[in-house]
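Following: one structure in structure tokens, then a few remarks.
Please treat every number below as a calculation from the coordinates, not as lab data. The structure presented is a predicted model; accordingly, all values stated were derived computationally and were not measured. Neighbour counts run over all protein chains shown; Cβ positions are idealised from the backbone, glycine included.
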Amino acid sequence: MTALVASRRRPFLQRLAQASEPWLYTAPALILIVAVMLVPLVLGVSYAFRDIKLLNPFSGGFVGLKHFEALATDQAFRTALVNTLWWTGASVLIQFVFGLILALLLNQPFRGRAVAQALCFLPWAVPSFLTGLDWAWLFNPVIGPLPHWFVALGLMETPQSILSDPDLAMWGPIAANVWWGIPFFAITLLAALQAIPKDLYEAAAIDGAGPIERFRSITLPFLAPTIAITILLRTVWISNFADLIVVMTNGGPADRTQIVASYIFTTAFRRLDFGYASAIALVLLVLLLTYSMLIVLLRQSFLKRG
Amino acid sequence: MRRNPVLTVLHRLAIGLYIAFALFPLYWLLKVSVTPNDLLYSEGVRMWPSRTSFEHYAFVIANSEFPRFFLNSFIVSGSTAVIVTLVAAVAGYALSRFAFRGKYWITALMLLTQMFPLVMLIAPMFKILSPLGLTNSLTGLIVVYTAFNVPFATFLMQSFFDGIPRDLEEAAMIDGATRFVAFRQIILPLTLPGIAATLGFVFTAAWSELLFALMLISGNAAATFPVGLLSFVSKFSVDFGQMMAAGILALIPAALFFLLIQRYLVQGLTAGAVKG
């Protein structure tokens, strides 16, 4: 009897052990993600409908859609939305163009390529706060060379920082972001380039295709999926990337460089208004989700047509 | 293929130009950090000062709070890197080797965490950690950074495990080893390069993190390097030489880890293409 129970129980326990094994391996990661990312995320969504100010002990009440009504008329938020488009679009486009050129250059074999590659990718290793400070100093008219070069080129009349010029300030963080982010595109595209079979080029050359024709009909089609996914992911990432702006301009002058992500940070960190910050964050989340959904839908309709 | 010599020269020229563009901002950091104070303004735009000195480095190391910030950053980044790598190794192994029902959802969840704006967690995170006594503490930062880096590190480790043939641990399991023993004694040693790369990626990410450190830390005792450097910048009298000397010091660990991981950059960035 006992032997029978044991023989029936063991397979069950074994099956249980086998079924739970992957969960045991992934449990630490899942617990961390749920406790430190999902719980605050849900809490943050609830803050968007509450009045939460850190310095006011009587705050915490439910205010419904009050924050969103305030957002609808918030001029700073509208500026930040436009700035986010501008910051993300310019950064991604310039990073992509130069990243692609760099990847094509590094894809040619030459002596010392390994060293050249390491040097080209070095900016990516520089911490973002240091990148921001470094570029702010380069634009500084007292200790930085750039304003003096602009004067020498006739672009400026007297050396001054573009970071304090409302019309030009956004180009400061964009320049820093481009310098820092080109390696990312170059590395990803270089990996994709190296996966293209070499004999395709040889066959095309024998058939008399010139370099431009080979680039158009072999390189680009092979790179297209990598380009699409990298640009999509980078767009989301860069629109959330507030470090350089917080360090270089803090959103100024007069909110001209404030993007939505840095506006959330400033509202939470300087004004300590957690409720309003969470409301802005919720809007940003919805916008980013909409963007991703649109891309997925576009891709599917393309696939159907193809 | 024969090459046009003009094209070859243009190619080398373009590479050289890009390297100059990539290195110039770092060169300038170094240049100002060794310029003595009396020459800082008079020789502001010279390519190299007529006289160099290490006075800024000496001052920063002996008389400022930077050694403490450096140590704090090192403790936070080092602990984060070790814990994340352990957690990501087992999770990445599970995603690489097991076929189970929740796998799709776990992968989706981890991808999702890479897509939403982390900045929206800043306020609720502060509210959660504050009553636990984890604001203004290195432990709090380690917990936060660990969770943020686990998804990316898991994908990275998974890609390394995918490159190791399954036969190895299956043979060991036929010989009577449990799966965990096979994993620890046969598979892990083979993934050592992957483990080093993951350590490097996570260390660099934690070393660079700015916004959560600014929010969660106030005061110098638990300040990490970026927090210390930024509070230094916003002080009334700015000493550019000292700031840049401190900046160069902050760059050293990041550059060392870059050398460690640069062979794996392609694999790492492809695995976690979502992260910077």
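At-a-glance table
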read-out	value
Inter-chain shielding of B:251-262 (mean C-beta neighbours from other protein chains, 10 Å cut-off)	3
Options B:60, B:98, B:135, ranked by Cα towards positive dipole end of chain B, top entry (Cβ charges)	B:98
Loop chymotrypsin sites (Phe, Trp or Tyr not before Pro), segment A:91-171, which have at most 15 other Cβ atoms in a 10 Å radius of their Cβ (DSSP)	A:110
Among B:195, B:261, B:164: highest mean-square fluctuation, GNM of chain B, C-alpha pairs under 10 Å	B:164
Net lengthening on full extension, residue A:46/residue A:160 (0.36 nm per residue, minus Cα-Cα)	36.5 nm
Stretch gain in nm, segment residue B:181-residue B:238, where the contour uses 0.36 nm per residue and the Cα spacing is subtracted	14.8 nm
Modelled FRET efficiency - R0 22 Å, residue A:290 with residue A:224, Cβ distances, 0.05 increments	0.35
Qualifying trypsin sites (Lys or Arg not before Pro) in segment B:32-131, DSSP loop, other Cβ atoms within 10 Å at most 14	B:46, B:51, B:101
Separation of alpha-carbon centers, segment B:147-170 and segment B:6-52, rounded to whole Å	41
Filtered chymotrypsin sites (Phe, Trp or Tyr not before Pro), segment B:168-261: DSSP coil and at most 16 other beta carbons within 10 Å	B:236
Furthest towards positive pole of dipole, A:48, A:155, A:176, structure part chain A, Cβ charges	A:48
Electrostatic dipole magnitude of the protein assembly as shown [Cβ: Lys, Arg +1; Asp, Glu -1; Cα centre; debye, to 20]	1460
Derived scalar couplings ³J(HN,Hα) [segment B:225-231; Karplus, 6.51 cos²θ - 1.76 cosθ + 1.60; whole Hz; x for Gly, Pro]	4, x, 5, x, 5, 5, 5
Tail fraction, Cα-Cα pairs, segment A:163-306, threshold 26 Å, whole percent	48
Stokes-Einstein diffusion coefficient of segment B:178-245, Kirkwood radius over Cα pairs, 20 °C, 1.002 mPa s, in µm²/s	140
Distance in nm between pseudo-label sites at residue A:142 and residue B:21 (7 Å out along the Cβ direction from Cα)	3.0
Chain B: most fluctuating residue of B:248, B:186, B:174 per GNM, C-alpha cutoff 10 Å	B:174
Alpha-carbon Rg/Rh ratio, for the protein assembly as shown, with Rh computed the Kirkwood way	0.99
Alpha-carbon Rg with Dmax, taken over segment A:162-202, Å	17.6, 54
Sites residue B:82 and residue B:256, calculated FRET efficiency, Cβ-Cβ separation with R0 25 Å, nearest 0.05	0.90
Mean separation of Cα contacts under 8 Å, 6 or more apart, over the residue count of chain B: relative contact order %	31
Helix B:103-115 vs. chain B, principal-axis angle (Cα, 0 to 90°, nearest 10)	10
FRET E, pair residue B:127, residue A:171, Förster distance 25 Å, beta-carbon r, rounded to 0.05	0.10
Size descriptor, Kirkwood hydrodynamic radius, that averages inverse alpha-carbon separations across segment B:5-53, Å	12.6
Sequence-separation-based contact order of segment A:76-305, relative, with Cα cut under 8 Å and 6+ spacing, percent	29
Rg and Dmax [Cα atoms of segment A:54-101; Å; Rg one decimal, Dmax integer]	18.5, 57
Radius, Kirkwood style, for chain A when every pair of distinct Cα atoms is counted (Å)	23.7
Highest-fluctuation residue, A:273, A:74, A:243 considered, GNM on chain A with Cα pairs under 10 Å	A:74
Distance between modelled label sites at residue B:6 and residue A:53, nm, 7 Å Cα→Cβ extension	7.0
Cα centroid of segment A:285-301 to Cα centroid of segment B:188-212, whole Å	31
About the Cα centre, charge dipole magnitude for segment B:63-271 (Lys/Arg +1, Asp/Glu -1 at Cβ), debye	280
